[in-house]
Amino acid sequence: MTDRRPIVAGNWKLHLDHVEAVHLVTELGMRLRTMDVAGVDTVVVPPFTDLRSVSSVIEAEKLDLALGAQHVSEFDQGAYTGEVSAAMLARLGVTIVLVGHSERRTHYHMDDAAVARTAAATLRGGLIPIVCVGESEVERADGSTEEVLARQLGAVLGALDGADPERLCVAYEPIWAIGTGTAATPEDAGSACAHLRKLAEQHLGEGASRLRILYGGSVGADNAAELLLPSDVDGLLVGSASLTAAGFAGVLGAVADCYRSTRRSPRR
Ligand code: PGA
C-alpha cells in the first residue's frame, strides 16, 4: 500500500505553438470532465511561449491541471541572455519544472553539477523539480545502469541539503526508451526505481518513502498501467503520447483505473 499520489506529466518538448496549445488543453479539459481522474496529479509541460495561454485556459475552465516548464535557469536574475528564471515561471502559475532531461544533458551539455544547480534554483523559486536521470544504451549494455543512476541522483541530492521529499520528484528515463517506441519492461522500470529510492534514502532517510519516482520513455495508453504496477513507480513522464488530447487522456484514464483497481490507495 502506498499513499504517494500518482503523478503524470506530459512533456510537449519543442512542439505546439501557443494557439495549438490552447486547442489541445481546451480539448483535454473537455475529455477530463467525462472521466474520473481526480486521484491523479496531472501536469502539462508546454514550451515557454505557451505557458501564459495555457495558464489562462486552466484558470478560465477551472481545470485540475498543474502547469510545468521544461527547463529553468540556474540563475535567479542577471546578464544571462536567453534564460528564464524560476520566479518568472512562478508568476505565470508554473509549479513544476523538468530538470536535467536527457535532451538537455545531451544537446545543451548539462552536466550533473549544472543539473544540481538548476534543481536548487527551482526549489529557491518555490517550484517542484522533476529531476530526470537515466542511462544510455551503451551504459545499459555494459551493465553500468545502477552506477549511472547513483552518480546522477547523488549529484543532485548531495547538493540539496535537507530537501523536502514532497517538494521533489525524480524521473527514471532510460535514454534508449525515449522516443523509440520501446519502453522499459515493468520489471526493469521497477528495479531501477527501487534502486533510486534506496539511493535517495542515503540523503533523505525515511523521507525517501515520500519521494515520488516517475518512469518515462515510450509511455502510451497501452502500457501505462503495467508500468505503474511496480511499487516504486509512482507516475509517468509522457512525451509524444501527450501531444494529442486523446493520447494524453488515454494515459490518464489507464493510470486512474490502475490505481482504483490495485492495492494502491492514492491519498487526496
Ligand atoms: P516519449 O518521451 O514518451 O516520446 O518517449 C518521453 C520523454 O522524453 O519524457
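The values are calculated or read from the model by the stated rules, or taken from the named source; none is laboratory data. Keep in mind the model is a prediction, meaning the values are calculated, not measured. With ideal geometry, Cβ positions are generated from the backbone for all residues, glycine too; neighbour counts draw on all protein chains shown. When the accessible area is computed, the model is the full protein with side chains, heavy atoms only, and any ligands, DNA or RNA have been set aside. Shrake-Rupley method; radii C 1.70, N 1.55, O 1.52, S 1.80 Å.
For (1) under 16 Å from the mean Cα position of the chain (by Cα); (2) surrounded by fewer than 21 Cβ atoms within 10 Å (Cβ to Cβ); (3) away from the ligand (no atom under 16 Å from the Cβ); (4) among the acidic types (Asp, Glu), each residue gets a yes or a no:
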site	(1), (2), (3), (4)
ILE7	yes, no, no, no
GLY10	yes, no, no, no
LYS13	yes, yes, no, no
VAL22	no, yes, yes, no
LEU51	no, no, yes, no
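When we screen SER73, SER102, SER85, SER56 for residues that are modelled with pLDDT of 95 or more and open to solvent by 20 Å² or more (accessible area, probe 1.4 Å), the only hit is SER56.
The set of residues from the range 142-183 being open to solvent by less than 30 Å² (accessible area, probe 1.4 Å) and without any contact (Cβ under 8 Å) to a residue 24 or more places away in the chain comprises SER144, VAL148.
Residues considered: LEU252, LEU196. Of these, the only one that is within 15 Å of GLY39 (Cα to Cα), of a type outside the set (Ser, Thr, Tyr) and within 18 Å of the chain's Cα centre (by Cα) is LEU252.
Close Cβ contacts (under 7 Å, 6 or more residues apart or on different chains) running from residues in the range 225-239 that are under 10 Å from ALA9 (Cβ atoms) to residues that are away from the ligand (no atom under 15 Å from the Cβ) and at pLDDT 95 or above comprise GLY235/PRO6; GLY235/ARG212. I'd like to check something: does the range 40-48 contain any residue that is within 24 Å of GLY250 (Cβ to Cβ), of a type in the set (Asp, Glu) and more than 16 Å from the ligand (Cβ to nearest atom)? Yes: the range 40-48 contains one or more residues that are within 24 Å of GLY250 (Cβ to Cβ), of a type in the set (Asp, Glu) and more than 16 Å from the ligand (Cβ to nearest atom).
Here is the figure for the range 85-126: residues that are away from the ligand (no atom under 14 Å from the Cβ) and under 17 Å from GLY10 (Cα atoms) total 3. Counting the residues of the range 220-234 that are open to solvent by 40 Å² or more (accessible area, probe 1.4 Å) and either in a loop (DSSP other than H, G, I, E, B) or basic (Lys, Arg) (or both) gives 4.
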